[in-house]
Structures are given as structure tokens and as C-alpha cells.
């Protein structure tokens, strides 16, 4: 089933041509439904609010709070009979026009597929050679710069890697192809700042909250790749899973303790 503007239906009745899709005038969220609830709903909704404001979009009333967002998407997961679901929520501008839009009203579509967690270690990772991250007013959200991650995924596949790491044009570590990146050195947790062009991941925020609550020193900033290569441990984190990095280029990480503690 699909959830189109809050209505369950077997296939969407999207008006064509669709200006929002033609110009990529919108964003998306990937969400996980497990144990009868939507994981990190408040973080997703906060990022949606920020993305809508950056794109001058008005979120529809059905998505007007974290509680409403969760209620809508739980209906979809249950309608599809999924005990664990990976949900995709697309939000785009309604109406016509060219580059200048005619309205700030948003439409939305949610889809669901089965979700199976994959927390196996990343055995072969390396830095991207063909694509770098780009900081912009929209780089924090998903959708407007999706072409970056498509290029990165293509390079990862061509090189036979399990994961690829993006840096910005100045050589600062940003993120992986589909997740935030963290590393630990001498008991301190590091992760790139949003100014690197990385997505403001909901699991990234949760990891930082958990570390701070446990009294772990956290540093968020702009870091060169040598700092990541010199770490004791490295791992990735997105809404779906947390995965340790076993090897990055020629660097083998000796510890997985921090990642394993978060995954419990």
C-alpha cells in the first residue's frame, strides 16, 4: 500500500506533469518502524521542519507534529502487515509554475518495505576519489543533493568497497555514502560538523546525545582524513543501523567497543 496525502491506496494518483518532481523541489525522509513504533520520530520531524523552512514549504496538517507523523506512518506499516518496516516519506511542492513556484503548499507520499537490520562490520572502506561533499543551505537534509550520493555509490560499487567516505573540497571528512561517520581517539568521540556538507542525521544526533549522557567527551568540527586514519575505532551510524569499520584503506581499527555499546 501507499499513503498519498494521508489516503491509503494501492497505487498513487499523481497529477502529471508534476512540478515538484520536475524541479526536485522537495525532500525525503527514511524512517524505521519497529516494535510497534516509529524510531526517532521527534528527530525526523525536527529535520522535516527545518527542511520545509529552507525550501519555503508549509508542512501539511497531517504531518504537523512528531506525534501526527508517527500516527500516519504507523497506519501504513500496519496496513502492509509489516512488523518491521523501512519507510520512505517524500514531501514536495504542489501546484505549477517554473522555477518560481505558485504555492508553498506541500504534498506527500509514503511507501514501506520490510526492514532487516544489518550491523555487520564494514570490512573494506576507502575515501571517495571522484566526488566530494558540498555545504549548502540544504545539505543538512535528504533529497536536494541526492546526486552526490548516487555518484559516491557508483564509485563504491566500481571499486568493490563496502563503504565510501566523502570529504569536502578542502579535505575535511564529511560522512559516508549513506551514514554519519564517527571515530574514537583516546576516549574522545569525534564526528564532522554540518559545515562539512554532511546530512544532519537523526542517528547522528542520537549518538551524540547518548555519548554526552554517558559522560564521553565529544568533539564536532572540521577534521582532516589523517585524524580519522589515526583513530582507535571508527563506525558509521544512520537510522537503520550502527556499523563498525574494520578497515579504511590500509588502516585496520583495533577496537569496536564504542559502536558495540551503542548497538545494544
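Could you check region 110-127 and list, in sequence order, the residues that are surrounded by fewer than 19 Cβ atoms within 10 Å (Cβ to Cβ), in contact with a helix residue (DSSP H, G or I) (Cβ under 7 Å, 6 or more places away or on another chain) and over 24 Å from residue 196 (Cβ atoms)?
119
Taking region 223-236 as the region of interest, how many residues are over 15 Å from residue 179 (Cα atoms) and outside any loop (DSSP other than H, G, I, E, B)?
Going through region 223-236 one residue at a time, the tally reaches 7.
Take the residues in region 237-264 that are touching a helix residue (DSSP H, G or I) at 6+ places or on another chain (Cβ under 8 Å) and part of a strand (DSSP E or B), then tell me which one is nearest to residue 125 (Cα to Cα).
248
Condition (residue is without any contact (Cβ under 8 Å) to a residue 40 or more places away in the chain and under 18 Å from the mean Cα position of the chain (by Cα)) applied to region 55-68: is it met by at least one residue?
yes
Determine which member of the set 151, 159 is closer than 18 Å to residue 126 by Cβ and in contact with a strand residue (DSSP E or B) (Cβ under 9 Å, 6 or more places away or on another chain).
So the residue among 151, 159 that is closer than 18 Å to residue 126 by Cβ and in contact with a strand residue (DSSP E or B) (Cβ under 9 Å, 6 or more places away or on another chain) is 159.
Just to be sure, is residue 143 out of contact with any helix residue (DSSP H, G or I) (no Cβ under 6 Å at 6 or more places or on another chain), surrounded by 14 or more Cβ atoms within 10 Å (Cβ to Cβ) and within 24 Å of residue 26 (Cβ to Cβ)?
So residue 143 fits the description; yes.
If a residue counts only when it is closer than 23 Å to residue 137 by Cβ and not assigned by TED's automatic domain parsing to the domain that holds residue 142, which strands (runs of 3 or more DSSP E) contained entirely in region 1-119 have at least 1 such residues?
26-34, 85-93, 106-114
Within region 128-140, identify whether any single residue is exposed (fewer than 12 other Cβ atoms within 10 Å of the Cβ), in the same structural domain as residue 251 (by TED's automatic domain parsing) and at positive phi, and answer yes or no.
The answer is no, given that none of the residues of region 128-140 is exposed (fewer than 12 other Cβ atoms within 10 Å of the Cβ), in the same structural domain as residue 251 (by TED's automatic domain parsing) and at positive phi.
The values are calculated or read from the model by the stated rules, or taken from the named source; none is laboratory data. Since the structure is predicted, the reported quantities are computational estimates derived from the model, not experimental observations. Because the Cβ atoms are built from the backbone with ideal geometry, glycine has one as well, and the counts that use them run over all protein chains shown.
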